[in-house]
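Trainee: Handing you this structure, nothing more for now.
What follows draws every value from the coordinates through simple rules; no lab data is involved. Here the structure is a predicted model, which means the values were calculated and not measured. Cβ atoms come from the backbone with ideal geometry, glycine included; neighbour counts cover every protein chain shown.
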Amino acid sequence: MLKRTLGKNGLEVSALGLGCMGLSFGYGPATEKNDAIRLIRTAFERGVTFFDTAEVYGPFVNEELVGEALAPIRDQVVIATKFGFQDGDSKKPMDSRPERIRAVAEASLKRLKTDRIDLFYQHRVDPNVPMEDVAGTVKDLIREGKVKHFGLSEAGEQSIRRAHAVQPVAALQSEYSLWWREPEHKVMPVLEELGIGFVPFSPLGKGFLTGAIDERTSFDQSDFRAMVPRFTQESRKANAGLVDVLGRLADGKSATRAQIALAWLLAQKPWIVPIPGTTKLSRLDENVGAASVELSAGDLAAIEAALNEIQVVGDRYPAQWQQRVDR
Ligand SMILES: NC(=O)c1ccc[n+]([C@@H]2O[C@H](COP(=O)([O-])OP(=O)(O)OC[C@H]3O[C@@H](n4cnc5c(N)ncnc54)[C@H](OP(=O)(O)O)[C@@H]3O)[C@@H](O)[C@H]2O)c1
C-alpha cells in the first residue's frame, strides 16, 4: 500500500490505517482475543502500518490487545494512542492535567509493550487545562523519547493553533466522511496552512455508509450507536437514500460502497489517512482494497452532485457528548 506523511516531522504511515476500537469497545461485544490478534496481524500483511487505539477503549484492554498483536512487528508499524479522560473512562470528564498525561503515557507504554508511543493524541480538548500546558507536557515526553509525535482529536481551530505553537502537531483525528463534512469549513484550511495531517475517524459513517445497516438493524446494549441520534430507526430510514446513491456510484466503479467512501476521503487531500475499523477479515480485505480505487475528477464531481441532493438526518452525537467536540 502507498504511504502518506502526517505532519512535517516525517511520520510516514500506510495510506489507510486500522481503527482497532471496535475489536474491544463501542460496537457490541468484544471480538475473541485470538481472532482480534489475527485481524490486526492480517492488516499488517495487507500493507497496513498504522494502528489506532486509546486508553479509553475497553478501557485499557484495547491497548493491551494492540500491543500483543503488534509486538512481533513493532519496529515496522506506527502505533497511535490517546489520553485525556479521567481514570481512562470516556463517561467521565476530561482530564489532561500534566501529571495525568504523564501517568497515562507510562501506563500506555506498558500495555502496548513498547518503549515509545509513535503518536500520542489528546482525545478531547480539556476546558480546564490550557492547551499550552498539554502541548508542553507532550513536548517533554517527546524530549524524553517516550513519545514520537503529538496529535489532537476533535479540536477546534484555536486549540490547534495554540497547541502547534508549543509543539508541532503531526495529526488531527476527527470525524470526517461522506456524511460528516463539517471539518472542511474551518479545520481543514488550518491543517493545510500549518502542515498538519488529518486522520478521519468513523470514515465509513460507523458502518452506515457501507449499506450493512438499515432501518431493521437492532443494536446490542453495549453498542453506542443505540444512543446516537443519527442511528435512530427514523434517521436510518431517512438516510437510506444516501446508501442508495452510494450503491449506484459504487456499481459504476465496480467497487463497494465502503471502498467509495474511503477512496473519496483519500482523494480529498494527500495528507489524509482514514482509519476504518472492522472485526471481520473479509471486510478488512474490502477496505484495504479502497487504496487501489482511483476516483477521477468526473467521479468526484458526480459524488459531489449526488451528495448535494441529500439532506442527512440526525446529529452525530447525543447532546451530552456534543459539547466535547470542536473546542
Ligand atoms: N478520536 C475519536 O474520538 C474516535 C472516535 C471514534 C472512532 N475512533 C477511531 O476510528 C476508528 C474507526 O472509526 P469507527 O470504528 O467509529 O467507524 P467506521 O470505521 O466508520 O465503521 C466501523 C463499523 O463499520 C463496519 N464495517 C467496517 N468495514 C465494513 C465493510 N467493508 N462493510 C460493512 N461494514 C463495515 C464495522 O463492523 P464490523 O466490525 O462488523 O465489520 C463497524 O461497525 C475506530 O476504530 C477508532 O480507532 C476515534
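Trainee: Assign unit charges at the C-beta atoms only (+1 for Lys and Arg, -1 for Asp and Glu), then state the dipole size of the stretch 1-72 relative to its Cα centre in Debye, rounded to the nearest 20. Could the numbers behind the result be given before it?
Mentor: On the way: 7 positive and 9 negative charges, 76 e Å.
Dipole of the stretch 1-72, to the nearest 20 debye: 360 debye.
Trainee: With +1 on the Cβ of every Lys and Arg and -1 on the Cβ of every Asp and Glu, and nothing else charged, how large is the dipole of the chain about its Cα centre, in debye rounded to the nearest 20?
Mentor: On the way: 42 positive and 44 negative charges, 71 e Å.
So the dipole magnitude of the chain works out to roughly 340 debye.
Trainee: Positive end of the charge dipole of the chain (Lys, Arg +1 and Asp, Glu -1 on Cβ, about the Cα centre): tell me which of 24, 270, 60 has its Cα farthest that way.
Mentor: Working it through, the farthest residue towards the positive pole turns out to be 60.
Trainee: Show log10 I(q)/I(0) for the stretch 26-70 at q = 0.18, 0.22, 0.27 Å⁻¹, two decimals, from a solvent-free Debye sum over equal Cα scatterers.
Mentor: -0.52, -0.76, -1.07
Trainee: So for 21, 1, 131, fewest C-beta neighbours within 10 Å to most, what's the order? Numbers along the way, then the final one.
Mentor: Values: 21 19, 1 15, 131 22.
Exposure proxy ranking, most exposed first: 1, 21, 131.
Trainee: I would also like to ask the following. Which of rounded, prolate or oblate describes the stretch 237-305 when judged by the alpha-carbon gyration tensor and an a/c cut-off of 1.5?
Mentor: Working: a/c = 1.60, a/b = 1.11, b/c = 1.44.
Because a/c hits 1.5 or more and a/b fails to exceed b/c, the stretch 237-305 counts as oblate.
Trainee: Separate question: Cut-off is 10 Å between beta-carbons; in what order do 61, 125, 169 appear when sorted fewest neighbours first?
Mentor: On the way: 61 17, 125 25, 169 30.
With the sparsest Cβ surroundings first, the list reads 61, 125, 169.
Trainee: What are the semi-axes of the equivalent ellipsoid for the chain, taken as the square roots of 5 times the Cα gyration tensor eigenvalues, largest first, in whole Å? Walk me through the intermediate numbers first.
Mentor: Working: eigenvalues 171, 91, 84 Å².
Values for the chain, descending: 29, 21, 21 Å.
Trainee: Over 10 Å intervals from 0, what percent of Cα-Cα pairs in the stretch 271-311 sits in each interval?
Mentor: In whole percents, the pair-distance histogram is 23, 35, 37, 5.
Trainee: Another question about this same structure. Given C-alpha coordinates of the stretch 140-295, what is the ratio Rg to Rh with the Kirkwood estimate of Rh?
Mentor: Details: Rg = 17.3 Å, Rh = 17.1 Å.
A ratio of 1.02.
Trainee: While we're on this one: Karplus couplings for the stretch 174-187 from phi (6.51 cos²θ - 1.76 cosθ + 1.60, θ = phi - 60°), rounded to Hz, Gly and Pro as x?
Mentor: Each residue's phi maps through the Karplus curve to give 9, 5, 7, 6, 4, 10, 9, 10, 3, x, 5, 6, 10, 7 Hz.
Trainee: Between residue 50 and residues 5 or more places away or on another chain, which pairs have amide H atoms under 5 Å apart, with H built 1.01 Å from N, and which residues are they?
Mentor: Here 14, 18, 78 satisfy the definition.
Trainee: Then there is this: So what are the ³J(HN,Hα) numbers for the stretch 198-212, from phi and the Karplus equation (6.51, -1.76, 1.60; θ = phi - 60°), rounded to whole Hz, Gly and Pro as x?
Mentor: Once θ is set to phi - 60°, the couplings for the stretch 198-212 become 10, 10, x, 9, 6, x, 9, x, 6, x, 5, 5, 7, x, 7 Hz.
Trainee: Go through the stretch 275-282 residue by residue and turn each phi into a ³J(HN,Hα) via Karplus (6.51, -1.76, 1.60, θ = phi - 60°); whole Hz please, and just put x for glycine and proline.
Mentor: Ordered by residue, 3J(HN,Hα) equals 10, x, x, 8, 9, 10, 4, 5 Hz.
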